[in-house]
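Reviewing the structure listed below.
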Amino acid sequence: MRLAVVSDVHGSLEALEAVIADIERSGADEVVHGGDLVLMGPQPAQAIDRIRELGWRGVVGNTDEVLWRPEERERQLTLRPKLRPLLELMFDEWAPATRELLGHERIDFLRGLPATLEVGGTLLMHASPDDLWRAPQPDASDEELEETYGATGAESVVYGHIHRPYARRTAALTVGNSGSAGFTWDGDPRASYLLIEPPDDMTVVRVRYDTEAEARRLVEMGYPDAERLAEIRRRGRVLPVPPRS
């Protein structure tokens, strides 16, 4: 079975539609998503509706759960005090704005997503088996990858979260990251997804989309932190969160 994995859409319908069109040309037998579908983007409701229309199965992400788990704010601030400006922006500004755009029914759909999903011999999760907020980077050692994912018993693992796609084989398993369909952080603004062919051949696929149109929507709608989020889409690279006044 040829499997496509799409992750970290972050409300970017423009990028999602470009990825869908590319996947249709690829002949994938099934498409699944790796969570983080809505926060930080201009069209979160439309992105969820499109994914549901297509019947994609998937898993929950950390920026999905901020919509219904306000208590996670203090836990993350304790664990990651250096990320305070980002976490405050996420919980105090992005989450309320996105909840208003989504409505209760779509949030209930996200709450019903599982933490992991096994598809055709590949185990999908958003970040790590026991943590939606931490995951290895592309330059992680084989030992770190095996320590993180080896206990799952899976020989093939795919995750999202880090917005930097890659595919690697270690002595024990094959690990891939699907990157982001619309909010990449590796210096390449093109959307990405992962294509898996039996038994465990993983290929990162990059897809061009109209980043300027997506950036413009964010700014015009007045989404919190819109200018910085728009520039990240243009550059495909993380930009620091300015100190909050």
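The values are calculated or read from the model by the stated rules, or taken from the named source; none is laboratory data. Just so it is clear, the structure is predicted and the values come from calculations on it, not from any experiment. Reconstructed Cβ throughout: ideal geometry from the backbone, glycine too, with neighbour counts over all protein chains shown. Remember, those area values only see protein heavy atoms, side chains included, never the ligands or the DNA or RNA. Shrake-Rupley method; radii C 1.70, N 1.55, O 1.52, S 1.80 Å.
Tabulated data
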{"read-out": "Region 147-205 - residue that is buried (at least 19 other Cβ atoms within 10 Å of the Cβ) and among the polar types (S, T, N, Q) and, of those, farthest from ALA15 (Cα to Cα)", "value": "THR148"}
{"read-out": "Options GLU118, GLU65; residue that is surrounded by 14 or more Cβ atoms within 10 Å (Cβ to Cβ) and of a type in the set (Asp, Glu)", "value": "GLU65"}
{"read-out": "Candidate set: region 131-146, residues that are touching a helix residue (DSSP H, G or I) at 6+ places or on another chain (Cβ under 8 Å) and not aliphatic (A, V, I, L, M); chosen: the one least open to solvent (accessible area, probe 1.4 Å)", "value": "PRO136"}
{"read-out": "Matching residues, region 42-87, being in a helix (DSSP H, G or I) and basic (Lys, Arg)", "value": "ARG50, ARG52, ARG73, ARG75, LYS82, ARG84"}
{"read-out": "Among (1) free of Cβ contacts under 8 Å to residues at least 12 places away in the same chain; (2) closer than 30 Å to ARG169 by Cα - the single one LEU124 does not satisfy", "value": "(1)"}
{"read-out": "Leading residue by the ranking (farthest from VAL219 (Cα to Cα)) among those in region 26-41 that are more than 15 Å from the chain's Cα centre (by Cα) and either surrounded by 23 or more Cβ atoms within 10 Å (Cβ to Cβ) or at pLDDT 95 or above (or both)", "value": "ASP29"}
{"read-out": "Scan of region 207-236 for residues that are closer than 24 Å to ILE23 by Cβ, open to solvent by less than 50 Å² (accessible area, probe 1.4 Å) and basic (Lys, Arg), ordered by number", "value": "ARG233"}
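Here's the yes/no breakdown for (1) within 21 Å of VAL6 (Cα to Cα); (2) touching a strand residue (DSSP E or B) at 6+ places or on another chain (Cβ under 6 Å); (3) in contact (Cβ under 8 Å) with a residue 12 or more places away in the chain:
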{"position": "ALA151", "(1), (2), (3)": "no, no, yes"}
{"position": "PHE183", "(1), (2), (3)": "yes, no, yes"}
{"position": "TYR193", "(1), (2), (3)": "yes, yes, yes"}
{"position": "GLU197", "(1), (2), (3)": "yes, no, yes"}
{"position": "MET202", "(1), (2), (3)": "yes, yes, yes"}
{"position": "GLY236", "(1), (2), (3)": "yes, no, yes"}
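Listed here are the residues, each with its yes/no results for (1) touching a residue at least 24 places away in the same chain (Cβ under 8 Å); (2) out of contact with any strand residue (DSSP E or B) (no Cβ under 7 Å at 6 or more places or on another chain).
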{"position": "LEU13", "(1), (2)": "yes, yes"}
{"position": "VAL19", "(1), (2)": "yes, no"}
{"position": "VAL31", "(1), (2)": "yes, no"}
{"position": "ASN62", "(1), (2)": "yes, yes"}
{"position": "GLU100", "(1), (2)": "no, yes"}
{"position": "THR116", "(1), (2)": "yes, no"}
